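A quick write-up on the structure given underneath.
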C-alpha cells in the first residue's frame, strides 16, 4: 500500500482544466488518469503504518490557512522516455509552507519520506509524452489564438484542503481516505 499527500483543485473550479486536459489525451495514448487535478505535497511512498493510524496522524497535523493561487505559466518536464506539460503556480510559497507543515506527518506515515526531489508545485496537464509531443503542446498552448481560451488558469483557484490518499497495488486509482480543511 502507498500513501500520497496532495492539495486537490476544488471540484467546483476544476471543470475547465479537466476539459483542457482531456482535449490533449490523444498526444499520450499511454496516459492513465489515477487522480484528479492536484498539487503533490508529498510524493507517493510505501506506507509505514496501517490506514487507521495514518488517518489519525494526518488529522492531527496543524492547520494552515486557505489561499488563492493562479497558474499562468506553462512549463514542461522533458525526459528521454517520459515528458509532461504542466501549469506552474504564480507562487510556490503557500504550497511549500503546507509541504513543510506536513513533513513531520509524512515521516511518520511514509517510508523514505525525506524528500529527494526538487519540490515544484504544478498542475500536470498531460504526461507520458515524448519530448516532441510535449514541445508541440507547449507551442500550441502558447499560440495567441489559444492563449485567450486559457484565461481561466490565471483566475485564482481557491485551495481549501489537504488530502491523504491511498492506493493498494490492486487499485486502479487513488482513494481519498482523509482530508484536513484549511482554516
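None of the figures in this text is laboratory data; all of them are computed from the coordinates on show. All of these numbers come straight from a predicted model, not from anything done at the bench. So basically every Cβ, Gly included, is an ideal-geometry build from the backbone, and we count neighbours across all protein chains shown.
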**Request:** Go through the stretch 56-67 and give me each residue that's in contact with a helix residue (DSSP H, G or I) (Cβ under 9 Å, 6 or more places away or on another chain), assigned to a helix (DSSP H, G or I) and either loosely packed, with under 14 Cβ neighbours inside 10 Å or free of Cβ contacts under 8 Å to residues at least 60 places away in the same chain (or both).
**Result:** 57
**Fill in**
Reported set for the stretch 1-43 where residues are in contact (Cβ under 8 Å) with a residue 40 or more places away in the chain, farther than 23 Å from residue 93 by Cβ and under 13 Å from the mean Cα position of the chain (by Cα) is 33, 34, 35
**Prompt:** Given the stretch 68-167, what helices (runs of 4 or more DSSP H) lie entirely inside it while holding 2 or more residues that are within 16 Å of residue 42 (Cα to Cα) and over 15 Å from the mean Cα position of the chain (by Cα)?
**Reply:** 93-109
**Residue within the stretch 80-90 that is out of contact with any helix residue (DSSP H, G or I) (no Cβ under 9 Å at 6 or more places or on another chain), closer than 22 Å to residue 166 by Cα and surrounded by fewer than 16 Cβ atoms within 10 Å (Cβ to Cβ) present** = no
**Request:** Would you confirm whether any residue within the stretch 3-16 is assigned to a loop (DSSP other than H, G, I, E, B) and closer than 28 Å to residue 135 by Cα?
**Result:** yes
**the stretch 137-160, residues that are farther than 17 Å from residue 89 by Cα and in contact with a strand residue (DSSP E or B) (Cβ under 9 Å, 6 or more places away or on another chain)** = 137
**Request:** Report, by residue number, each residue of the stretch 168-183 that is in a loop (DSSP other than H, G, I, E, B) and in contact with a helix residue (DSSP H, G or I) (Cβ under 9 Å, 6 or more places away or on another chain).
**Result:** 182
**Asked** Looking at the stretch 73-102, which of its residues are out of contact with any strand residue (DSSP E or B) (no Cβ under 8 Å at 6 or more places or on another chain) and touching a residue at least 24 places away in the same chain (Cβ under 8 Å)?
**Response** 78, 79, 80, 92, 96, 97, 101
**Message:** Condition check: within 15 Å of residue 105 (Cα to Cα), out of contact with any strand residue (DSSP E or B) (no Cβ under 6 Å at 6 or more places or on another chain), touching a residue at least 24 places away in the same chain (Cβ under 8 Å) and surrounded by fewer than 16 Cβ atoms within 10 Å (Cβ to Cβ). Does residue 53 satisfy that?
**Reply:** yes
